[in-house]
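Take a look at the structure set out below.
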Amino acid sequence: MDCVHEGRAHPTASGRAGGDPSALGPVLLPIQRQSQGDRNGRVLRRQPGGDRLSVRRRGPAPVRRSRATPSHLPLHQVRPDARLLDEDRKLITHAIRIAAYNAESTLARMLRPHYSRADDEARALLREAFTLSGDLHVSGDTLHVRLDPATAPRRSRALHALCQQLTETGTRYPDTNLTISYGVKGQPDTS
């Protein structure tokens with residue numbers, strides 16, 4: 001009698017242990033009991049006139065339905081109220097995205113000497129910095145921007161070093177005479 005172990009037939013299993021499959025333990029099962037499906041959705045069936053098993057994939061209903069679903073639909077069928085952007089609006093949107101990406105890339109390069117994990121985490125640190133709360137304070141002709149500390153002290157130190165570099169540029173707030181001074185709370189003020 002052939003036996004099945006983990007879906008594979010073992011023709012020599014009955015030759016061991018004197019032909020008694022129960023002596024082999026619970027590892028091997030007789031082929032006759034393998035007629036229902038296994039965990040992978042396969043159906044094991046005995047071929048007529050032999051001891052070999054045939055394996056047939058049983059396609060689950062969701063897979064069959066997804067194959068029947070078209071892969072592309074016209075926009076008006078999916079969202080009737082949606083409109084395609086005008087060409088000019090699309091160009092402006094792309095220009096803003098490119099400018100934002102270039103600005104983020106420049107800040108990431110400026111952050112690199114101050115943050116040891118900059119190759120892996122510079123953009124993540126910048127995303128965190130963009131969401132940090134902080135204080136704005138005007139004194140004289142300077143606008144002080146003080147961010148709350150980041151999630152880790154090393155991140156706060158790296159952001160503070162970046163803030164110092166940005167302060168050194170002497171950037172003026174648009175339409176005013178205010179020079180912007182950046183910093184992180186809890187870090188030494190060197191401005």
Looking at (1) within 32 Å of the chain's Cα centre (by Cα); (2) touching a residue at least 40 places away in the same chain (Cβ under 8 Å), which one does R117 not meet, given that it meets all the others? (2)
Only one of these is assigned to a helix (DSSP H, G or I) and modelled with pLDDT under 75: S54, S66. Name it. S66
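Please work out if S139 is closer than 26 Å to Y101 by Cβ, small (G, A, S) and without any contact (Cβ under 8 Å) to a residue 24 or more places away in the chain.
Judged against the criteria, S139 is not a match.
Do any helices (runs of 4 or more DSSP H) entirely within the range 84-191 hold 3 or more residues that are touching a strand residue (DSSP E or B) at 6+ places or on another chain (Cβ under 6 Å), and if so, which? Even if it seems obvious, please write down each step before you answer.
Values: elements: 87-111, 118-131, 153-168.
Where helices (runs of 4 or more DSSP H) fall fully within the range 84-191 and carry at least 3 residues being touching a strand residue (DSSP E or B) at 6+ places or on another chain (Cβ under 6 Å), they are 153-168.
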Taking the range 72-83 and keeping residues exposed (fewer than 10 other Cβ atoms within 10 Å of the Cβ) and assigned to a helix (DSSP H, G or I) leaves Q77, V78
Restricting to the range 91-108, name every residue that is surrounded by 11 or more Cβ atoms within 10 Å (Cβ to Cβ) and either closer than 16 Å to C163 by Cα or not assigned by TED's automatic domain parsing to the domain that holds R155 (or both). A103, E104, S105, L107, A108
Out of the range 109-125, which residues are under 18 Å from P153 (Cα atoms) and surrounded by fewer than 16 Cβ atoms within 10 Å (Cβ to Cβ)? R112, P113, S116, R117, D120, R123, A124
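The values are calculated or read from the model by the stated rules, or taken from the named source; none is laboratory data. No experiment lies behind these values; they were computed from the predicted model shown. Methodologically, a virtual Cβ is constructed for each residue, glycine included, from the backbone with ideal geometry; neighbour enumeration extends over all protein chains shown.
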